Every structure is written in structure tokens, then in C-alpha cells.
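Asks: Pasting in a structure now, in C-alpha cells, and then I'll have a few things to ask.
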Amino acid sequence: MTTIKSFLQLLFCSGILLISCQKNNSKYDIKIIKQSSGYGYQILKKHKILINQPFIPAIQGEKTFKNETDAKKTADLVVSKIDKYYLPKISVHELDSMKIAY
């Protein structure tokens with residue numbers, strides 16, 4: 001009887017752990033876009049493009065992200081701001097703190 005009880009407790013705890021570790025609770029999806037000169041990103045909701053960002057935001061000129069990772073980090077920040085009902089504006093300071101090369 002204690003073996004079954006221990007197993008059920010372990011199963012319950014494992015389920016709670018799996019639920020709490022789910023990473024993306026956002027209603028938004030991110031799509032990284034490969035371009036001829038680098039990368040950009042799109043923020044989508046229900047497969048509709050809400051934000052199309054082909055260039056690095058907050059800097060002058062039309063420079064693309066140098067790699068997918070930088071585009072993804074920036075897009076993740078934008079989504080986190082949208083989820084918190086903040087204006088999804090990115091600053092140069094935020095780019096620098098994420099070590100985004102531009």
C-alpha cells in the first residue's frame with residue numbers, strides 16, 4: 001500500500017513540476033525571418049502578423065540582426081512587454097544589455 005501511495009505522490013509532484021516548467025504562456029508566436037543581409041522577426045497572434053520587424057529597432061538606419069539568436073532575444077523582449085501591457089518599444093540601452101550587435 002505504501003508503494004502505491006509513494007508512486008502516486010511521485011506522479012503528482014512530477015505533474016506539478018511539468019506544468020510549472022512550461023516556458024511559453026504567451027498568446028503570441030515569434031517567427032525569425034532570414035533576409036539577404038541578416039535576420040528580422042515577426043510577432044504573430046493566431047497566425048496574423050502584428051509586428052513585422054525586418055531591422056534592428058531603436059538604432060538609426062536599416063540594419064538587420066547579425067544572427068537568429070539576437071533577433072529571437074529582441075522578439076522575446078517585445079512579446080514579454082506586450083504580455084505585460086507595456087508599449088513594445090525597444091531602447092538602445094535594452095539592446096546593449098542583451099549584447100545585441102549592431
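The values are calculated or read from the model by the stated rules, or taken from the named source; none is laboratory data. In this text, all values refer to a predicted model and were calculated from it rather than measured experimentally. Cβ placement follows ideal geometry from the backbone for every residue including glycine, while neighbour counts extend to all protein chains displayed.
Asks: If Gln22 meets every condition in (1) within 24 Å of Leu87 (Cβ to Cβ); (2) surrounded by fewer than 10 Cβ atoms within 10 Å (Cβ to Cβ); (3) modelled with pLDDT under 95 apart from one, which number is that one?
Replies: It is condition (1) that Gln22 fails.
Yes/no matrix, rows are residues, columns are (1) farther than 23 Å from Tyr102 by Cβ; (2) surrounded by 15 or more Cβ atoms within 10 Å (Cβ to Cβ):
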position: Asp29; (1), (2): yes, yes
position: Lys48; (1), (2): yes, no
position: Gln53; (1), (2): no, yes
position: Ile56; (1), (2): no, yes
position: Gln60; (1), (2): no, no
position: Pro88; (1), (2): no, yes
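Asks: Tell me whether the stretch 64-75 contains one or more residues that are modelled with pLDDT of 95 or more and more than 16 Å from the chain's Cα centre (by Cα). Spell out how you get there, then give the answer.
Replies: Within the stretch 64-75, the subset modelled with pLDDT of 95 or more is 64-75.
If we keep only those that are more than 16 Å from the chain's Cα centre (by Cα) as well, we get 64, 66.
Scanning the stretch 64-75 turns up at least one residue that is modelled with pLDDT of 95 or more and more than 16 Å from the chain's Cα centre (by Cα).
Asks: Okay, next question. Could you list, in sequence order, all residues of the stretch 26-39 that are farther than 23 Å from Tyr85 by Cα and touching a helix residue (DSSP H, G or I) at 6+ places or on another chain (Cβ under 7 Å)? Write out each step before concluding.
Replies: Kept after step one, since they are farther than 23 Å from Tyr85 by Cα, are these residues of the stretch 26-39: 33-39.
Within the stretch 26-39, just Tyr39 meets the criteria.
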